[in-house]
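*Asks:* Just passing along the structure, written as C-alpha cells.
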There are 2 protein chains.
Amino acid sequence: MARTQGSRAEITGPLIRDEARRLFARQGFAAVSMRQIAAAVGVQAGALYAYTDDKQALLHELLQSHMQDLLGAWRDDPAADPLTRLEAFVRFHIGFSLDHSDAVFLSYMELRNLTPENFQDIAELRGRYEDGLHRILCDGIEAGVMRVADSRLATMALIAMLTGVTNWYREGGRLDRRRIGDVYWALTRGAVGAD
Amino acid sequence: MARTQGSRAEITGPLIRDEARRLFARQGFAAVSMRQIAAAVGVQAGALYAYTDDKQALLHELLQSHMQDLLGAWRDDPAADPLTRLEAFVRFHIGFSLDHSDAVFLSYMELRNLTPENFQDIAELRGRYEDGLHRILCDGIEAGVMRVADSRLATMALIAMLTGVTNWYREGGRLDRRRIGDVYWALTRGAVGAD
DNA sequence: GTCTATACAGGGATAGAC
DNA sequence: GTCTATCCCTGTATAGAC
C-alpha cells in the first residue's frame, strides 16, 4: 500500500486475483472499481492492466479457474457403489464450497455480468459438474438403492441445498465441518429415498 | 418513453419499483443507473427523486415490501398436523418464489448493498420467515412424524433447496408447477425422514 | 512492472422552470 | 410531477516517464 516503485510480477498477479475475488464477492462486480482492487493489492490502477485485458477478463478468469479447480478436485469412482459415491460428493461439495466461499458466491451471483461468450464457457463447465452428480443418482436409481421422481430436478435441488451452507456458515460457529457434513448427508440420503 | 410533460403519480410510483426490481435483478444494483431506470419508466432521471430519497432507499423499499408480501401471503395452521403444514410450506414457497423470482433473487443477492441499518431490518424479516418453517419441523419432530439431526440446519437446507428452483425454472419448460411441487415435496418428505 | 497524469464517459443527485 | 440543465465525482482505460 505504501510502496512507490518496483517490480514483483510473481506475487502481484496472484494477489490481484485474490483481492478481486474477495472484493467482487463482498460488494458485487459492478460495485468494485479497478482503483479499489489496485489499492487492496498495493499498486496503482494502471498497473492492473499489465495482468489483465480489462475488468471483464478478470471476472472471467476468476470464474473459469474456480470451475476448473472444482472439476479437478472432485474424484468420483464410477465402480464404487452409488451411495458411497453420493456421500463422497456431499462431503466434497460442502468442504470445497466452504473452502472457496468467495468463488462459489461469485459463480452464482456474477454470471449475469459475463459477456455472452464468457457466460457460455462457464455454463459449460458448470454443466459438466452437475452431470457428475446426475450420473451418481442415475446409477443409484438403476441399482435400486435410490428413489427419486426426477433425477434432473433432484440434481439441481441437491446442489442448491448443499451450496446453501455458504449462506449461513461462520468459522468458529456452533458446528464444525464434520458435523455439518453428517447432517447434510443424512438429509441427502433421505431426499433420495435411500433410507 | 416519448412523453414530455404531465403528471401521473398513481402509475409512475409503482412503475418505478417494477422497473427497478426488474433491472436490479438482471444486472445488479450497482450496475443499474438511475437514468436507466428512468428511461425504462419513461421519465427523466430527476423525476425519480419525487418518489424516493435515493437509490439506496429504492433498494430497501423493494426488499422490505417483498419480505412483507412473503410473510403476509403465507398462512400456517399450527393446529394442523406437521406433515400437512410442511407440504403446504413447500408448495407455497416454490409458487411464491416463481411468481416473484426477481424479488427473490434480489433478496439473496443485494443484501450486501444495503446500509447496515437497512440490512438489519431485512434480516429480521427473513428470520421471521425462517422461524416459521423451523416451528413446523420442531412440531413434526415432537410429534414423531419427522426425524432430523439438527432442526436449524434442516431449516436452512430446505429453504436453500426450494429457493433453488428460481435458478433453473423457465416458463413453458419441461415441467409445470404442480409437477415441480410434487417432486420437491417428495424430496423434502424424504429429507425430514417422514417416509 | 509500476508510476503519474489524464482522456473521456457515465454515475448520483439537485435547481429552477413549467 | 416532470422537464432540462448542470454540478461534481468516480469510473475504465491508456500514454509515457522511470
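*Asks:* Pull out all pairs, ordered by first then second residue, where Cβ-Cβ is under 8 Å, the residues are six or more apart or on different chains, the first lies in the range A:34-58 and is near DNA strand D (Cβ under 6 Å from one of its atoms), and the second is open to solvent by 60 Å² or more (accessible area, probe 1.4 Å).
*Replies:* A:ALA45/A:ARG35
*Asks:* Does A:ALA73 fit the bill of being modelled with pLDDT of 95 or more and surrounded by 18 or more Cβ atoms within 10 Å (Cβ to Cβ)? Give the derivation first.
*Replies:* Numbers: modelled with pLDDT of 95 or more: yes; surrounded by 18 or more Cβ atoms within 10 Å (Cβ to Cβ): no.
No; evaluated as a whole, the condition is false for this residue.
*Asks:* Which condition does A:HIS66 not pass, out of (1) open to solvent by 30 Å² or more (accessible area, probe 1.4 Å); (2) closer than 25 Å to A:ARG170 by Cα; (3) touching a helix residue (DSSP H, G or I) at 6+ places or on another chain (Cβ under 6 Å); (4) more than 14 Å from chain B (Cβ to nearest Cβ), if it passes all the others?
*Replies:* (1)
*Asks:* Could I ask something else about it? Quick check on the range B:26-60: of everything there that is more than 24 Å from A:PHE29 (Cβ to Cβ) and open to solvent by 50 Å² or more (accessible area, probe 1.4 Å), which residue is farthest from DNA strand C (Cβ to nearest atom)?
*Replies:* Per the stated criteria, the residue is B:TYR51.
*Asks:* Next question. More than 13 Å from DNA strand D (Cβ to nearest atom), within 14 Å of another protein chain (Cβ to nearest Cβ) and either modelled with pLDDT of 95 or more or in a helix (DSSP H, G or I) (or both): does that describe A:ARG17?
*Replies:* Spelling it out, it is not the case that A:ARG17 is more than 13 Å from DNA strand D (Cβ to nearest atom), within 14 Å of another protein chain (Cβ to nearest Cβ) and either modelled with pLDDT of 95 or more or in a helix (DSSP H, G or I) (or both).
*Asks:* A follow-up question, please. Take the range A:91-100 and flag every residue that is buried (at least 16 other Cβ atoms within 10 Å of the Cβ) and either within 30 Å of A:GLY144 (Cα to Cα) or without any contact (Cβ under 8 Å) to a residue 24 or more places away in the chain (or both).
*Replies:* Selection gives A:ARG91, A:PHE92, A:HIS93, A:ILE94, A:GLY95, A:PHE96, A:SER97.
*Asks:* Let me ask you something else. From (1) at pLDDT 95 or above; (2) within 10 Å of chain A (Cβ to nearest Cβ), pick out the condition that doesn't hold for B:TYR108.
*Replies:* Just one mismatch for B:TYR108, condition (1).
*Asks:* From the list B:ALA143, B:ALA149, B:ALA157, B:ALA123, which residue is of a type in the set (Gly, Ala, Ser), open to solvent by 50 Å² or more (accessible area, probe 1.4 Å) and within 13 Å of chain A (Cβ to nearest Cβ)? Steps first, please.
*Replies:* Working: B:ALA143 fails: within 13 Å of chain A (Cβ to nearest Cβ); B:ALA157 fails: open to solvent by 50 Å² or more (accessible area, probe 1.4 Å); B:ALA123 fails: open to solvent by 50 Å² or more (accessible area, probe 1.4 Å).
On inspection, the qualifying residue turns out to be B:ALA149.
*Asks:* Which one is surrounded by the most Cβ atoms within 10 Å (Cβ to Cβ), of the residues in the range B:160-195 that are assigned to a loop (DSSP other than H, G, I, E, B) and in contact (Cβ under 8 Å) with a residue 24 or more places away in the chain?
*Replies:* To start, the set of residues in the range B:160-195 that are assigned to a loop (DSSP other than H, G, I, E, B) comprises B:164, B:169-176, B:192-195.
Applying the additional criterion that residues be in contact (Cβ under 8 Å) with a residue 24 or more places away in the chain yields B:169, B:192-194.
Working: B:TYR169: 18, B:VAL192: 26, B:GLY193: 19, B:ALA194: 17.
The selected residue is B:VAL192.
*Asks:* Which one is least open to solvent (accessible area, probe 1.4 Å) among residues in the range B:76-90 that are without any contact (Cβ under 8 Å) to a residue 40 or more places away in the chain and not hydroxyl-bearing (Ser, Thr, Tyr)?
*Replies:* So the first thing to find is which residues in the range B:76-90 are without any contact (Cβ under 8 Å) to a residue 40 or more places away in the chain, and the list is B:77, B:79-80, B:84, B:88.
Still in the running and not hydroxyl-bearing (Ser, Thr, Tyr): B:77, B:79-80, B:88.
Values: B:ASP77: 81, B:ALA79: 92, B:ALA80: 31, B:ALA88: 51 Å².
Filtering the range B:76-90 for residues that are without any contact (Cβ under 8 Å) to a residue 40 or more places away in the chain and not hydroxyl-bearing (Ser, Thr, Tyr), the one least open to solvent (accessible area, probe 1.4 Å) comes out as B:ALA80.
*Asks:* A further question on this structure: Could you tell me which numbered condition A:VAL145 fails, if it satisfies all but one of (1) modelled with pLDDT of 95 or more; (2) assigned to a helix (DSSP H, G or I)?
*Replies:* That leaves (2) as the condition not met.
*Asks:* Cβ-Cβ under 7 Å, sequence separation 6+ or interchain: first residue in the range A:124-141 and in the same structural domain as A:GLN64 (by TED's automatic domain parsing), partner part of a helix (DSSP H, G or I) and of a type in the set (D, E, K, R). Which pairs?
*Replies:* So the pair list comes out as A:HIS134/A:ARG152; A:ILE136/A:ARG85.
*Asks:* To continue, here is another question. For a quick check of your reading: which helices (runs of 4 or more DSSP H) sit entirely within the range B:24-114 and have at least 1 residues that are of a type in the set (Val, Ile, Thr) and under 18 Å from the mean Cα position of the chain (by Cα)? Working first, answer last.
*Replies:* Working: elements: B:34-41, B:55-73, B:82-99, B:101-109.
Per the criteria, B:82-99, B:101-109.
The values are calculated or read from the model by the stated rules, or taken from the named source; none is laboratory data. All of these numbers come straight from a predicted model, not from anything done at the bench. Every residue, glycine as well, gets a Cβ built from its backbone with ideal geometry; the counts of neighbours run over all protein chains shown. In case anyone asks, the SASA skips ligands and DNA or RNA and just uses the protein heavy atoms, side chains included. Shrake-Rupley method; radii C 1.70, N 1.55, O 1.52, S 1.80 Å.
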